[in-house]
1. Kindly put VAL171, VAL150 in sequence by how many other C-beta atoms sit within 10 Å of each C-beta, fewest to most.
2. Rg to Rh for region 3-184: what is it, with Cα atoms only and Rh by Kirkwood?
3. In the chain, which whole DSSP H runs stretch at least 18 Å along their own axis (Cα) and average -0.5 or higher on the Kyte-Doolittle scale?
4. Quick one: dipole size for the chain, taken about the Cα centre, charges +1 on Lys/Arg Cβ and -1 on Asp/Glu Cβ, in debye to the nearest 20.
5. Restricting to DSSP H runs of at least four residues, report the calculated mean residue ellipticity at 222 nm for the chain, -39500 (n - 2.57) per run over all residues, nearest 500 deg cm²/dmol.
6. Given a 10 angstrom Cα cut-off, can you work out which residue in ALA143, ALA18, ALA115 is the most mobile in a GNM of the chain?
7. Suppose R0 equals 25 Å. What FRET efficiency, 1/(1 + (r/R0)^6) with r the Cβ-Cβ distance, do ILE180 and ALA76 give to the nearest 0.05?
8. Under 5 Å between amide H atoms, partner at least 5 residues away or on a different chain: which partners does ILE36 have, H built in plane at 1.01 Å?
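No lab work stands behind these numbers, since they all come straight from the coordinates. Here the structure is a predicted model, which means the values were calculated and not measured. Please note: Cβ atoms are built from the backbone with ideal geometry, for glycine as well, and neighbour counts cover all protein chains shown.
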Amino acid sequence: MNEQSNKLRDLIHCGIFAAITAVLAQLEIPLPLVPISGQTLAVGLAATILGSRKGALAMLCYVLLGTVGLPVFAGATGGVHILFGPTGGYIFAFILTAFITGYYLEKTSFSLTQAMIANTGAMLIALLIGTIWLKYAAALPWAGAIAAGVTPFIIPGLIKAFLASWIGINVRKRLISANIMQDHVAKEKVPA
């Protein structure tokens, strides 16, 4: 397959994961400031399946879709005001955490154990960034920001990290074996 076809296929994969994130964002449990949604599951899936660059690009596409006003964020919302509201830090963190998760897996291995480590670490980073943002955006004291932005998300976050790892590793293997996706990492590690 030529280089142009590979780039097109990569862009299609990124678009698919931006769309999956938009759909999973609508699965939510409303809470006062920050809902529990399927967005972080989608971030973990994108990074685990696509790797660092394509996973981050998929999340960038998702954020841009929401920024221009498409209702892709939790609660079918969109617009710049969402990014500067209480949940903005979590949304911006999706890009970084997708990159970090994929990068960690590329440097270690795409295995369930490593994916669980990567997705759990990314969840903690997203909670840290999101909570700091929440504290200032909602003018909360630290205790209030932690109570609203961290505590309700630990158990669901661990469950989503496991699901993203397990589903992601299995789907990645199947996509590679079906030649729908290339394993660039394996090619880079083969000695010349």
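1. Values: VAL171 14, VAL150 17.
The most exposed by this proxy come first: VAL171, VAL150.
2. Rg/Rh for region 3-184 comes to 0.98.
3. On the way: long enough: 3-24 (31 Å, 0.56); 52-67 (22 Å, 0.96); 88-107 (29 Å, 0.96); 112-137 (36 Å, 1.30); 154-177 (34 Å, 0.99).
Membrane-span-like by this criterion, though nothing is claimed about a membrane: 3-24, 52-67, 88-107, 112-137, 154-177.
4. On the way: 12 positive and 6 negative charges, 62 e Å.
The dipole of the chain has a size of about 300 debye.
5. Numbers: 9 runs with 138 residues, N = 192.
Calculated from helices alone, the mean residue ellipticity at 222 nm is -23500 deg cm²/dmol.
6. Result for the chain, Cα springs under 10 Å: ALA143 fluctuates most.
7. Values: r = 30 Å, r/R0 = 1.20.
For ILE180 and ALA76, the calculated efficiency is 0.25.
8. Amide H neighbours of ILE36, under 5 Å, 5+ apart: ILE29, LEU31.
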